[in-house]
1. What ranking, highest mean first, results for peptides 1-11, 34-44, 101-111 when packing means the other Cβ atoms within 10 Å averaged over each residue?
2. Compute the length gained on full extension between A267 and R215: take 0.36 nm times their separation in residues and subtract their Cα-Cα distance, giving the result in nm to one decimal.
3. Which residue fluctuates the most in the chain, going by a Gaussian network model with Cα springs under 10 Å, if the choices are I204, I262, I46?
4. Whole percent per 5 Å bin, from 0 to the bin with the longest distance: what is P(r) over all C-alpha pairs of segment 140-283?
5. With a 1.4 Å probe and every protein chain kept in, tell me what percent of the accessible surface of segment 19-59 is carbon plus sulfur.
6. Kindly state, to the nearest 0.05, the FRET efficiency for A279 paired with A306, given R0 = 22 Å and r defined as their beta-carbon distance.
7. Keeping all protein chains in place, calculate the accessible area per residue for the chain (probe 1.4 angstrom), answer in Å².
8. With each run of n ≥ 4 DSSP H residues scored as -39500 (n - 2.57), what mean residue ellipticity at 222 nm is computed for the chain after dividing by its residue count and rounding to the nearest 500 deg cm²/dmol?
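The values are calculated or read from the model by the stated rules, or taken from the named source; none is laboratory data. Since we're looking at a predicted model, the values are computed, not measured. For neighbour counting, all protein chains shown are included, and Cβ atoms are generated from backbone atoms with ideal geometry for every residue, glycine included. Ligands, DNA and RNA are excluded from the accessible area calculation, which covers all protein heavy atoms including side chains. Shrake-Rupley method; radii C 1.70, N 1.55, O 1.52, S 1.80 Å.
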Amino acid sequence: MMRILILGAGGIGGYLGGRLVEAGEDVTFLVRQARADRLKMDGLRIESPLGMLTVPVKTRLAEDAPAAFDAVVIACKAFDLDTAIAAVKSGVGKGTAIIPFLNGVSHIDRLKQAFPEAVTLGGVAHISVTLRDDGVIQHMSPLCRFRLGAFSDAPSPIADKLVESMKAAKIETTLTTAIAQDLWDKFVFLTTLAGITCLMRAAIGDILETPSGERIVRQLLDECTSVAAAEGFKPAPQALTTYVANLTERGSPFKASMLRDIERGAATEADHIVVDMLARGHRHGLALPVLDIAATHLKTYDAVRAKAQG
């Protein structure tokens, strides 16, 4: 049995860890004191269309300096990555598998640099989940798919074991040999969704009701696709067809979690998604007018928010 350390017990990490505990896996959550107290009192609670769960879990605080684990799952906001690296450092040893479920792609190189003796895998999570104020992890739709993979052709026994464990926990999981492409595919889609819904401060369906809405959505998707192609990761035609269908669905309430962050005045992952996509495109000399406006809008939001906080 693997010893698995999960940073935090929030949305993705809490859901994944809870299901693994339910299946009998040895999981420890690295959490802050307040979350540890809540978990000790109430257990880890999940409300999901795939089944409710309340289960006692093991926790550690960052200052507890745990010994090395077989696998470390990092599922934080991208802007918290440096803090996450410091928190899990004592739990990472030679050969430990690092499995990040973060948006964007820049975190992979950062983790490889921080943990050169570990094995950094790629992870993509397709799940809508959040941690409520009452401590419950709310899974908001039946969609729950994970993809894992190594960045080389060499066999990865730890990845094989983790995928087996996730499947045993009834989590739909695929072990892929194309995880870099998977990460870029999600990067293209998420940048388009976040860029357009944040720029317009509206859901996809509302944007599509305007005369130019669909045209601008499609243009932004084309711009993000051109960046991916320049970086060597152009999405396959089938993937692009799916993206267009999701982004042009009339009446859709779909909007990025980044917009929800803006609506509540919170920090966003703009630098790691929209701004990073733009910077990569500029390095290739690409003209990206809609992406440029979307990034400027988000950077303006960040600047105004920073001023308001003093």
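1. Values: 1-11: 21.5, 34-44: 15.5, 101-111: 20.0.
The packing order, highest mean first, is 1-11, 101-111, 34-44.
2. Numbers: separation 52, 0.36 × 52 = 18.72 nm, distance 2.91 nm.
Length gained between A267 and R215: 15.8 nm.
3. Comparing I204, I262, I46 in a Gaussian network model of the chain, the most mobile one is I262.
4. Per 5 Å bin, starting at zero, the Cα-Cα P(r) for segment 140-283 comes out as 2, 9, 16, 17, 18, 17, 12, 6, 3, 1, 0 percent.
5. Working: 1130 of 2210 Å².
Result for segment 19-59: 51 percent of the exposed heavy-atom area is carbon or sulfur.
6. Working: r = 20 Å, r/R0 = 0.91.
So the FRET efficiency works out to roughly 0.65.
7. Details: 14370 Å² over 310 residues.
I get 46 Å² per residue for the chain.
8. On the way: 12 runs with 144 residues, N = 310.
It lands at -14500 deg cm²/dmol.
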